[in-house]
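Trainee: Dumping the structure here so I can ask a few things about it.
The values are calculated or read from the model by the stated rules, or taken from the named source; none is laboratory data. Note that this is a predicted model, so its numbers are computed, not measured. Note: ideal-geometry Cβ built from the backbone for every residue, glycine included; neighbour counts use all protein chains shown. What goes into the accessible areas is simple: the full protein's heavy atoms, side chains included, and nothing from ligands, DNA or RNA. Shrake-Rupley method; radii C 1.70, N 1.55, O 1.52, S 1.80 Å.
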Amino acid sequence: YGLANSGLSKAAIKDKARDALKLVGLTGYDDRLPSELSGGQQQRVAVTRALVLEPQVLLFDEPLSNLDAKLRRRMRDDIRDLQQRLGLTSVYVTHDQEEALAVSDRIILMNQGKIAQEGSPQDLYDRPADSFVADFIGGANLLACEVLSRNDTEATVRLGSMMLKLPHRGVMTGAASLAVRPSAAQLLAQARPEASLAAEVKKATYLGTHWEYTVISDVGDIIITDYTGAIPASPGDSIHVAFPGKGLALVPR
């Protein structure tokens with residue numbers, strides 16, 4: 001329709017349409033009816049209809065929301081590959097956090113009509129501006145903590161019985177929150193004085209590639225993703241939790 005309204009000849013329209021189908025891997029599908037295409041193929045046709053007009057800016061508004069998880073992942077990668085190959089400026093609206101991280105060079109995260117944070121996917125994931133960003137992008141455990149002191153770059157933080165040294169990121173002394181990614185928490189069979197929290201396993205869920213645990217601690221419930229399976233744990237077990245690596249960020253209470 002867009003090509004027909006651009007004043008091109010029928011032959012030119014067919015050539016451009018076939019070139020566009022080739023771009024998304026649908027060569028030979030031009031004579032098929034929509035009902036003869038899979039959901040993913042239909043979605044690629046929708047993208048092609050926009051691309052064939054060679055726009056300066058392309059807006060995607062929840063383009064994959066009606067697809068199943070496996071197909072959504074493949075289409076997400078296809079769209080990103082196309083955008084990179086064509087050097088096309090794209091604005092991509094989505095509520096899917098993983099999708100946003102996967103397709104973006106830069107993310108603007110909105111909260112009630114206002115910009116909560118703007119930056120690269122890594123900025124928002126590793127350095128969230130507040131608890132909303134930490135929880136929305138990638139999911140995080142938000143645990144009550146206290147900033148005891150700080151110097152130019154680091155803060156000494158009390159989290160229950162634990163003492164931590166972390167970048168303060170502008171958070172002042174006093175009550176604060178610690179955003180902990182589920183993958184940043186580790187199950188321990190034995191306590192480490194001042195370096196672990198006592199906890200009780202509330203839920204244990206096997207998800208194929210990893211276990212997901214929900215544990216109860218003095219600083220709140222903590223969700224943990226465990227890819228090692230080194231310490232099998234069941235609901236009701238007493239365990240300890242440590243935070244040995246990356247995935248921790250101080251945010252204002």
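Trainee: Is there any pair with a first residue in region 230-253 that is farther than 16 Å from Ala179 by Cβ and a second that is part of a loop (DSSP other than H, G, I, E, B) and at pLDDT 95 or above whose Cβ atoms are under 7 Å apart and which are 6 or more apart or on different chains, and what are they?
Mentor: none
Trainee: Another one. Do the conditions hold for Leu58, that is, is it part of a strand (DSSP E or B) and free of Cβ contacts under 8 Å to residues at least 60 places away in the same chain?
Mentor: yes
Trainee: Continuing with this model, one more query. So, in region 41-83, exactly how many residues are out of contact with any Phe, Trp or Tyr (no Cβ under 6 Å at 6 or more places or on another chain), under 14 Å from Asp96 (Cβ atoms) and not basic (Lys, Arg)?
Mentor: 13
Trainee: Is it fair to say Met172 is more than 28 Å from Leu58 (Cβ to Cβ), touching a residue at least 12 places away in the same chain (Cβ under 8 Å) and touching a Leu at 6+ places or on another chain (Cβ under 9 Å)?
Mentor: no
Trainee: While we're here: So is Arg44 surrounded by 15 or more Cβ atoms within 10 Å (Cβ to Cβ) and modelled with pLDDT under 90 or not?
Mentor: So Arg44 fits the description; yes.
Trainee: Now for a different question. So which strands (runs of 3 or more DSSP E) stay within region 137-241 end to end and still have 1 or more residues that are open to solvent by 80 Å² or more (accessible area, probe 1.4 Å) and basic (Lys, Arg)? Write out each step before concluding.
Mentor: Working: elements: 141-150, 154-159, 162-167, 174-180, 186-188, 197-206, 211-217, 220-226.
By residue number, 141-150, 154-159, 162-167, 197-206.
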